[in-house]
Each structure stands twice: as structure tokens, then as C-alpha cells.
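Undergrad: Next up is a structure, given as C-alpha cells.
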Amino acid sequence: MIIRIRKKSDIPSSEITPEDVYINRRKFLGATAGIGAAAFMARGAAAAEARVPGSRPGIAGPAAGRQDLEPSSWEDITSYNNFYEFGLDKKDPARNAHTLVTRPWTIEVDGLCAKPGEYQLEDFVKPSTMEDRVYRFRCVEAWSMVVPWRGFPLADAIARAEPDPSAKYVAFETLWDPEQMPERRWKPRIGWPYREGLRLDEAMHPLTLMVTGLYGKTLPNQNGAPLRLIVPWKYGFKSIKSIVRMTFTEDEPPTTWATQSPGEYGFYSNVNPNVDHPRWSQATERVIDTSRLFTRRIDTLFLNGYADEVAHLYAGMDLKKFF
Ligand SMILES: Nc1nc2c(c(=O)[nH]1)N[C@H]1C(S)=C(S)[C@@H](COP(=O)(O)O)O[C@H]1N2
Ligand SMILES: [Mo]
């Protein structure tokens, strides 16, 4: 993965939040602290419409292990992205991903399952199971955000496909269409399409989400519209965007970054402050918040703060070996 270090002088003035917006945002957050995501949802669409870009709507909820962290702003979440198909700079996806055509959208389900087939997005996504969840998000490049996603448990989609008992993993693929995606010069370096995978028990865990929205709104293209994965205890690159295929396999499937650089990126990619990347420490993370003048660093938590929920999945495994 390419690490770019941005100098303070590179921050455009448009990223600096005016003081009055900032103060109102804090007031609003203070007033809504302690209100859960369910209560937020009950307030309905009127509140959702009242949001202005750059403000942080009053979504409060458990960002596991880190209740002190506020959700990152809409602005930060949608303008500081990794989506290499649309360029390598953090600002490129927001600039370029408007060319991605997200309707109609087909998801192919295949491999070891009783109900393979091609699903239209509308059939794949069941609105009745949609939830808002505020999750910590930790990139392997040692930066982090807190994101209010909207989505449904991946377990629901897996159950509908009825995987065979021999299926042990599920693999995902991103759309690869050079006509819509400008990053063609990477073709020889990265074996497109972008691929990811999970062990089936990780995929079935209730924290694992298929995401279609952000802050209660439709997912912007740069964040992986119309359908992306979120696995909150793993490094961000596991959370594959713009998914067109889901395949059940018996063997561990090849994944983009582990294929690209096996010494640096493993299949598991669990957030782990005790296992450093060969080129940098994973013990701390930089909080992305362009409304602040100074960089804030916080300690990285084992399994990104979700250890109580997911550590049992790795019982008896050497996480230095299976990184
Ligand atoms: N198809 C695809 N999915 C991807 C990536 C990518 O380059 N292509 N980048 C990954 C990485 S490294 C991260 S950190 C997250 C970023 O998600 P975000 O832009 O919504 O924060 O997407 C992941 N999913
Ligand atoms: Mo990442």
C-alpha cells in the first residue's frame, strides 16, 4: 500500500471548518449524547434532511470500546478515501467516482451453495433488515475514523444463498470496468478486479455488515456504492467496495493486497497493535479530523475495540503468524 505524507501546507482552505459551524456541531453533539442509533432512526427523515455537508448529524451510538470518539464528519468520510480504481490520491475517488454507474447493479452469487444466481441490487438488499451502526474504522496506513454506516448483516445474504457444508470461506469481487474506472495504468501492477475474502464464521458474525448507506443517506460512489462490505475489527482494506460477486469456497481465496505483497498483508488483517507492519508501527493511529488544526494520535485497540465480540473467532490461533 502506498503511504502519502501530507504536509500541513497541503490542506486546502475548503477543508477548514468555519468556527461557527464547529461550535454548533459541538453543541448539537452534546445535546444528543447518549441517544442510541435506534432513537436517532425514530426521528425520521426530517432530521436527516436537515443536515448540511460538513456538519455532524446527531447520530450517537456505540463505537465499540471508544465511546469518547465522535463520528467523523460527512466531509472527511467522503473526501479522504482509498478506492484505487479511481486514483491513488486520497482526494481522487471523490473527484473521479462520479463516472461509476450504480444502477442497474447485479450481484452474482456462486460457488459452493444451494442457491447460486444473479441478483438485482433491489432483491439482494432487504430494507426490513437495514440498520444504522456507528463503527470505528481503522486503515492499515494507521489512520482512523468513526463512521455511521447504514446496512444489513452479511449473515442474512449468506443464509439466503444456503452455503454447502463444505464451504469454509466467502470471496468478494469489485466491479472492474476500465471505461468507468480511470486507474487503468495500474492494470499490470494490481490484478484487477479488487478481491477480498473472509472465513465463513467471520462473515456470519453479526458485526459484519453489507453497507448501502452513510449517515442515513445513500452511499456515495467514492465510499463503494451501491454495496460494500464493512468488517469493523479488520483493517480497512478488507472492506471491499462496489461488490459484484460473492463466491463460496472450500479453500482460502486469494485477496488483492495479500497477493500483491504477502510479507506485508495477510488474509486475516485483524487490527492488532501488537503486530507491526514491516514498515511502520500499528500501535497508534492518526484520527482524521480536518476541523482540527493539530493531528490527534490515539492508541490502537486490539481487534479495533471489538475484542469482546470477536476474539473467540481466533482462539488458539497465533495472530503473529496469521496476520
Ligand atoms: N474495490 C476497492 N475496495 C477498497 C479499496 C480499493 O482500493 N478498492 N480500498 C480499501 C481500503 S485500503 C480502505 S482503507 C477502505 C476505505 O474506505 P472508505 O473510502 O469508505 O473510507 O476501502 C477498502 N476497499
Ligand atoms: Mo486502508
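Undergrad: Is it the case that some residue within the stretch 140-152 is crowded, with 22+ Cβ neighbours inside 10 Å, outside any strand (DSSP E or B) and more than 16 Å from ligand 2 (Cβ to nearest atom)?
TA: no
Undergrad: Given (1) surrounded by fewer than 21 Cβ atoms within 10 Å (Cβ to Cβ); (2) closer than 19 Å to Lys168 by Cβ, identify the lone condition not met by Phe248.
TA: With (1) surrounded by fewer than 21 Cβ atoms within 10 Å (Cβ to Cβ); (2) closer than 19 Å to Lys168 by Cβ applied to Phe248, the lone miss is (1).
Undergrad: Right, next: Determine which member of the set Glu108, Glu122 is part of a helix (DSSP H, G or I), more than 16 Å from ligand 2 (Cβ to nearest atom) and under 29 Å from Pro182 (Cβ atoms).
TA: After ruling out the rest, the residue left standing is Glu122.
Undergrad: Follow-up. For the stretch 100-132, which residues satisfy the criterion of being charged (D, E, K, R), within 15 Å of Arg150 (Cβ to Cβ) and either in contact with a Ser or Thr (Cβ under 8 Å, 6 or more places away or on another chain) or in contact (Cβ under 8 Å) with a residue 60 or more places away in the chain (or both)?
TA: Glu131, Asp132
Undergrad: Take the residues in the stretch 92-115 that are over 19 Å from Thr174 (Cβ atoms) and exposed (fewer than 15 other Cβ atoms within 10 Å of the Cβ), then tell me which one is nearest to ligand 1 (Cβ to nearest atom).
TA: The selected residue is Lys115.
Undergrad: Just for the stretch 294-323: of the residues that are basic (Lys, Arg) and in contact with a strand residue (DSSP E or B) (Cβ under 6 Å, 6 or more places away or on another chain), which one is least open to solvent (accessible area, probe 1.4 Å)?
TA: The selected residue is Arg296.
Undergrad: Go through (1) among the hydroxyl-bearing types (Ser, Thr, Tyr); (2) more than 16 Å from ligand 1 (Cβ to nearest atom); (3) open to solvent by 40 Å² or more (accessible area, probe 1.4 Å) for Tyr169 and report which single condition fails.
TA: Tyr169 satisfies every listed condition except (3).
Undergrad: Considering only the stretch 262-277, I want to know if a residue exists there that is surrounded by fewer than 21 Cβ atoms within 10 Å (Cβ to Cβ), over 28 Å from Asp156 (Cβ atoms) and within 16 Å of ligand 1 (Cβ to nearest atom).
TA: For the stretch 262-277, residues surrounded by fewer than 21 Cβ atoms within 10 Å (Cβ to Cβ), over 28 Å from Asp156 (Cβ atoms) and within 16 Å of ligand 1 (Cβ to nearest atom): present.
Undergrad: Which ones in the stretch 226-261 are small (Gly, Ala, Ser), within 12 Å of ligand 2 (Cβ to nearest atom) and within 23 Å of Ala167 (Cβ to Cβ)?
TA: Ser239
Undergrad: Could you figure out which of (1) in contact (Cβ under 8 Å) with a residue 12 or more places away in the chain; (2) closer than 25 Å to Ile158 by Cβ; (3) out of contact with any strand residue (DSSP E or B) (no Cβ under 6 Å at 6 or more places or on another chain) isn't true of Glu141?
TA: Only one criterion in (1) in contact (Cβ under 8 Å) with a residue 12 or more places away in the chain; (2) closer than 25 Å to Ile158 by Cβ; (3) out of contact with any strand residue (DSSP E or B) (no Cβ under 6 Å at 6 or more places or on another chain) is unmet by Glu141, namely (2).
Undergrad: Could you look through the stretch 197-225, keep only residues that are under 19 Å from Trp74 (Cα atoms) and open to solvent by 10 Å² or more (accessible area, probe 1.4 Å), and pick out the one that is farthest from ligand 2 (Cβ to nearest atom)?
TA: Ranking the candidates gives Gly216 first.
Undergrad: Same structure, new question: In this structure, does Phe237 turn out to be touching a Gly at 6+ places or on another chain (Cβ under 8 Å) and modelled with pLDDT of 95 or more?
TA: Judged against the criteria, Phe237 is not a match.
Undergrad: Report yes if Leu214 is more than 9 Å from ligand 1 (Cβ to nearest atom) and either modelled with pLDDT under 95 or among the aliphatic types (A, V, I, L, M) (or both), otherwise no. So that I can check it myself, show each step before the final result.
TA: Numbers: more than 9 Å from ligand 1 (Cβ to nearest atom): no; either modelled with pLDDT under 95 or among the aliphatic types (A, V, I, L, M) (or both): yes.
So Leu214 does not fit the description; no.
The values are calculated or read from the model by the stated rules, or taken from the named source; none is laboratory data. Small disclaimer: the values here were computed from a predicted structure and weren't measured. Cβ atoms come from the backbone with ideal geometry, glycine included; neighbour counts cover every protein chain shown. Please note that ligands, DNA and RNA were not included when accessible areas were found on the heavy atoms of the full protein model with its side chains. Shrake-Rupley method; radii C 1.70, N 1.55, O 1.52, S 1.80 Å.
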